[in-house]
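Presented below is the structure to which this report refers.
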Amino acid sequence: MYKYVRTIFLTLVAVVVVAAAFAIYGENAGPQLVSNDQPAAGSSGMARPHPPLDRAPGEPLKTPL
């Protein structure tokens, strides 16, 4: 009798795992937009530039006391 319970339980777990995989995989993220336009002058087109630092490299941090 326990053999059938174990088989039913494992089948149910397998069905849940497959359903979860389809739910995750089937999530529609929409089309990706790609452009061949040239990036703006002075940028690499990869990311936004970092803002300038308030201190020089190697200068210790100012700790307020």
*Limited to the range 43-52, what total is found for residues that are at pLDDT below 70 and open to solvent by 80 Å² or more (accessible area, probe 1.4 Å)?*
4
*asked:* Restricting to the range 1-40, and then to whatever is in a helix (DSSP H, G or I) and modelled with pLDDT under 75, can you tell me which residue is most open to solvent (accessible area, probe 1.4 Å)?
replied: TYR2
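The values are calculated or read from the model by the stated rules, or taken from the named source; none is laboratory data. Source: prediction; values computed, not measured. The accessibility values were calculated without ligands, DNA or RNA, using every heavy atom of the protein model including side chains. Shrake-Rupley method; radii C 1.70, N 1.55, O 1.52, S 1.80 Å.
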